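A short worksheet on the structure shown next.
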Amino acid sequence: MRPLATGTISFGLVSIPVKLFSATESSAAISFNMLHAKCGGRVKQQYICPRDDNAVVPREEMVKGYEFAKDRYVTFTPEELKALEEKASQQIEIAEFVPSEKIDPVYFDKAYYLGPEKGADRAYRLLAEAMRRSGKTALARYAARGKQYLVQIRPLPEGGLVMQNLMYADEIRPFSEVGLEPADVKDQELALARQIIEQISTDEFKPEKYKDDVRTRIQEQIQRKVEGQEIQVDEPAKPQTQIIDLMEALKASLASKGLAPARETAPAPAPASGEERKPAKRAAREAKADKKASSRK
């Protein structure tokens, strides 16, 4: 991998020069271009101004503006926009350390691997090992590309460091906006749900087990078209009958995996034929009367 940028981790009075590498690689999502059906040529986009009889506006006649009220803008020159940008300092300044599990993954954004610059291996290893043994990760600020980022630096099992861009608090929507109605969870339903979880649980996350089947299927069909063949369109699977009863849905989930629900407590035996079940209070009174009669004899 080639480094995207360089930086310096400030750890107390220790400075650790590092290189940044992209930790992820785009899967190059399949995209289709817009073509002119008549000749097959690729069409181009143009910007038009609806207030000027839909006149085409060339790029050199465009300016950037900020809408501060409905249809009211304040414009900025390229020099003014550049002056507003955060100056890239390349400093990754650690502000505090927090337990790793205290950062909700909902805050996670793009990740970068950090590698030590030449001569910084010892200090780099020291910071990674100290965080690994303490179970802590670092929260830091990093300025780049005209923006200040909140980042998390955490140790990797291989001994290295990864820098995870984090969202700011005001960029995260509260779950309360989703709306969640109160509902009772029955113990029996909970037991079946936990049984399903246990049966399909593993101790490790193995991402290599999962592939993008849809992308593979589309690529195969595109190749068929390139070779002059017709694409194969499979009939969509019929939706399964919806099970309204939650208990039945849980039992069906277990049955689909060849599992049986956990054994339930056996019910009390039914009374013998012709024998009526006596209420508990009545049976107690009769037993007490029999005891008194026996003592008189």
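The number of residues in the stretch 89-111 being within 22 Å of Gly12 (Cβ to Cβ), part of a strand (DSSP E or B) and either open to solvent by 60 Å² or more (accessible area, probe 1.4 Å) or of a type in the set (D, E, K, R) (or both) comes to 5. Within the stretch 138-155, track down each residue that is touching a helix residue (DSSP H, G or I) at 6+ places or on another chain (Cβ under 7 Å) and closer than 19 Å to Ala5 by Cα. Selection gives Arg154 alone. Would you check if Ile200 is out of contact with any Ser or Thr (no Cβ under 8 Å at 6 or more places or on another chain), in contact (Cβ under 8 Å) with a residue 24 or more places away in the chain, under 28 Å from Leu246 (Cβ atoms) and among the aliphatic types (A, V, I, L, M)? Taking the combined requirement at face value, the residue satisfies it. In the stretch 172-181 there is at least one residue that is in contact with a helix residue (DSSP H, G or I) (Cβ under 9 Å, 6 or more places away or on another chain), open to solvent by less than 90 Å² (accessible area, probe 1.4 Å) and more than 30 Å from Ser256 (Cα to Cα). Scanning the stretch 120-138 for residues being in a strand (DSSP E or B) and more than 15 Å from Gly12 (Cβ to Cβ) gives a total of 1. Filtered by the rule that a residue be surrounded by 13 or more Cβ atoms within 10 Å (Cβ to Cβ) and within 15 Å of Thr6 (Cα to Cα), the stretch 112-137 gives Tyr112, Tyr113, Leu114, Gly115, Pro116, Glu117, Ala120, Tyr124. Among the criteria (1) open to solvent by 40 Å² or more (accessible area, probe 1.4 Å); (2) within 30 Å of Ile30 (Cβ to Cβ), the one Asp187 does not fulfil is (2).
Residue pairs whose Cβ atoms lie under 7 Å apart, sitting 6 or more positions apart in sequence or on different chains, and linking a residue in the stretch 164-185 that is touching a residue at least 60 places away in the same chain (Cβ under 8 Å) and under 18 Å from Ala143 (Cα atoms) to a partner that is of a type in the set (Asp, Glu) and open to solvent by 100 Å² or more (accessible area, probe 1.4 Å), do not occur here.
The set of residues in the stretch 45-60 being assigned to a loop (DSSP other than H, G, I, E, B) and open to solvent by 80 Å² or more (accessible area, probe 1.4 Å) consists of Gln45, Gln46, Tyr47, Asp53, Asn54. Would you mention how many residues in the stretch 170-202 are assigned to a helix (DSSP H, G or I) and either of a type in the set (Val, Ile, Thr) or in contact with a Lys or Arg (Cβ under 8 Å, 6 or more places away or on another chain) (or both)? Of the residues in that region, 4 qualify. Filter the stretch 1-44 down to the residues that are of a type in the set (S, T, N, Q) and part of a strand (DSSP E or B), then identify the one that is farthest from Arg122 (Cα to Cα). Per the stated criteria, the residue is Ser22. Any chance the stretch 216-238 includes a residue that's at pLDDT below 80, surrounded by 13 or more Cβ atoms within 10 Å (Cβ to Cβ), of a type outside the set (Asp, Glu) and under 30 Å from Ile196 (Cβ atoms)? For the stretch 216-238, residues at pLDDT below 80, surrounded by 13 or more Cβ atoms within 10 Å (Cβ to Cβ), of a type outside the set (Asp, Glu) and under 30 Å from Ile196 (Cβ atoms): absent. Looking only at the stretch 10-22, residues that are within 14 Å of Gly119 (Cα to Cα) and open to solvent by less than 30 Å² (accessible area, probe 1.4 Å) come to 2 in all.
Of everything listed in (1) within 35 Å of the chain's Cα centre (by Cα); (2) open to solvent by 80 Å² or more (accessible area, probe 1.4 Å), the single unmet condition for Arg42 is (1). Among the residues of the stretch 25-33, none qualifies, meaning not one is open to solvent by 50 Å² or more (accessible area, probe 1.4 Å), closer than 30 Å to Glu96 by Cβ and in contact with a helix residue (DSSP H, G or I) (Cβ under 7 Å, 6 or more places away or on another chain). Filtering the stretch 66-86 to residues that are surrounded by 10 or more Cβ atoms within 10 Å (Cβ to Cβ) and either in contact with a helix residue (DSSP H, G or I) (Cβ under 8 Å, 6 or more places away or on another chain) or in a loop (DSSP other than H, G, I, E, B) (or both) leaves Phe76, Thr77, Glu85.
The values are calculated or read from the model by the stated rules, or taken from the named source; none is laboratory data. Only a predicted model underlies this, so the values are computations on that prediction, with no experimental measurement involved. All Cβ positions, glycine included, derive from the backbone under ideal geometry; neighbour counts span all protein chains shown. In case anyone asks, the SASA skips ligands and DNA or RNA and just uses the protein heavy atoms, side chains included. Shrake-Rupley method; radii C 1.70, N 1.55, O 1.52, S 1.80 Å.
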